[in-house]
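Participant: Please read through the structure below; I'll follow up with questions.
Taken together, the values in this text are just the output of simple stated rules run on the coordinates, not laboratory data. All values derive from a computational prediction rather than experimental measurement. Cβ: placed from backbone, ideal geometry, glycine included. Neighbour counts: every protein chain shown.
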Amino acid sequence: MSGVLRPVGPEPARTYWIRRALVIGTVVALALIVILAVQTLTRPEPTSAVPPADSPTPSTGPEPSSTPEPKPSATPSSTPSGSATPKPPTSPAPSPSSSADPSAPSPTPTKPAEVAACEPDDLRVTLIGKRTVRARQDSTYDLSVINGGAAPCKITIDLDSFQFKITSGTDPIWSSDHCERSLKPVSKTLDSQESLPWKMTWDGERSREDCKISSETPRPGIYWATATVEGVEPVRWRMTVTG
């Protein structure tokens, strides 16, 4: 005990007392720090209890209750949106435009421009038949007229604008001019490079005016069929007539 009350050592006693005081003070300070730390650790628990106090503030739950109120208000708003969908069906608004349609017929009087008659220089005629035919028997010939122009044009093939004849040298054998029944008139609007086809038939006889037939039978030999469209270069088809 004497060592405790009276420090022993080479240094003055005062030095030892100061050291002891520092040690004791340090211990006391540490103790205080520990106490404060414990208090601070225990204090958060009551502070955590404070949030529950805050949680009652949500007891202002009338606000959430107010939120459900807008929700039903949103549902009626959805119903008007549904009503907006029927509005498209109310697009019969175009139907008034149909009422405007009666007024539309007024511009309809605009008639398309009439197609001009074909120019002879733009036309080409074709003629094809059999190379050998028999006298007093029908033979058929395929004809066509082609619009070689760049624009559409209208053409009529009748006895006024077309002639088909059979000849043997300078001897006239048969002509479409002798009988109206030999050609059925045809008319058509031709686009560029479009053709109008038709057929002609020779009965193998000599023809006379008023659709009459000559009693003289064509003799065997070389004959020519010639097709002429008014203003267009004639085309010919060579054939042999047998008895």
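Participant: Assuming 0.36 nm per residue, please report the length gained on full extension of the stretch Thr226 to Ala21 beyond their Cα-Cα distance.
Facilitator: Value of the extension gain: 58.6 nm.
Participant: Whole-Hz ³J(HN,Hα) for each residue in the stretch 115-122, computed from phi via Karplus 6.51 cos²θ - 1.76 cosθ + 1.60 with θ = phi - 60°, x for glycine and proline: what do you get?
Facilitator: Ordered by residue, 3J(HN,Hα) equals 7, 6, 5, 5, 7, x, 5, 8 Hz.
Participant: Now a separate question. Which cross-chain or sequence-distant (5 or more) residues have an amide H under 5 Å from the amide H of Glu205, H modelled 1.01 Å from N in plane?
Facilitator: Arg136
Participant: Give me a comma-separated list of calculated 3J(HN,Hα) values for the stretch 216-226, in order, Karplus coefficients 6.51, -1.76, 1.60 applied at θ = phi - 60°, integers in Hz, x for any Gly or Pro.
Facilitator: The phi angles translate into 7, 7, x, 7, x, x, 8, 10, 10, 9, 10 Hz.
Participant: Test of understanding: what is the full-extension gain from Arg208 to Ser192, defined as 0.36 nm times their sequence separation minus their Cα-Cα distance? Don't skip to the end; give the middle numbers.
Facilitator: Details: separation 16, 0.36 × 16 = 5.76 nm, distance 3.85 nm.
Here the segment from Arg208 to Ser192 would lengthen by 1.9 nm.
Participant: Sticking with this structure for a sec: May I ask you to derive the FRET efficiency for Leu41 and Ala13 from their Cβ-Cβ distance with R0 = 30 Å, giving the value to the nearest 0.05?
Facilitator: After rounding to 0.05, the efficiency reads 0.10.
Participant: Most exposed first by the Cβ proxy, i.e. fewest other Cβ within 10 Å, how do Cys118, Cys211, Cys179, Cys153 rank?
Facilitator: On the way: Cys118 26, Cys211 11, Cys179 17, Cys153 20.
The fewest-first ordering by Cβ neighbours comes to Cys211, Cys179, Cys153, Cys118.
Participant: Which FRET efficiency value, to the nearest 0.05, do you get for Asp142 and Asp177 by plugging their Cβ-Cβ distance into 1/(1 + (r/R0)^6) with R0 = 22 Å?
Facilitator: Values: r = 21 Å, r/R0 = 0.93.
Plugging the Cβ-Cβ distance into 1/(1 + (r/R0)^6) gives 0.60.
Participant: Ranked from highest to lowest mean number of other Cβ atoms within 10 Å per residue, what is the order of the peptides 35-42, 171-178, 131-138? Provide the component values of the computation, followed by the final result.
Facilitator: Working: 35-42: 9.5, 171-178: 17.9, 131-138: 13.4.
Order by mean packing, descending: 171-178, 131-138, 35-42.
Participant: For the stretch 171-184, what does the Karplus curve 6.51 cos²θ - 1.76 cosθ + 1.60, with θ = phi - 60°, yield as ³J(HN,Hα) per residue in whole Hz, taken in order and with x for Gly and Pro?
Facilitator: Calculated HN-Hα couplings, in order: 8, x, 9, 8, 9, 5, 5, 7, 8, 5, 5, 6, 9, 8 Hz.
Participant: Return the long-range amide H neighbours of Gly149 (sequence gap of 5 or more, or a different chain), with a cut-off of under 5 Å between placed amide H atoms.
Facilitator: Counting only residues 5 or more places away or on other chains, the set is Gln193.
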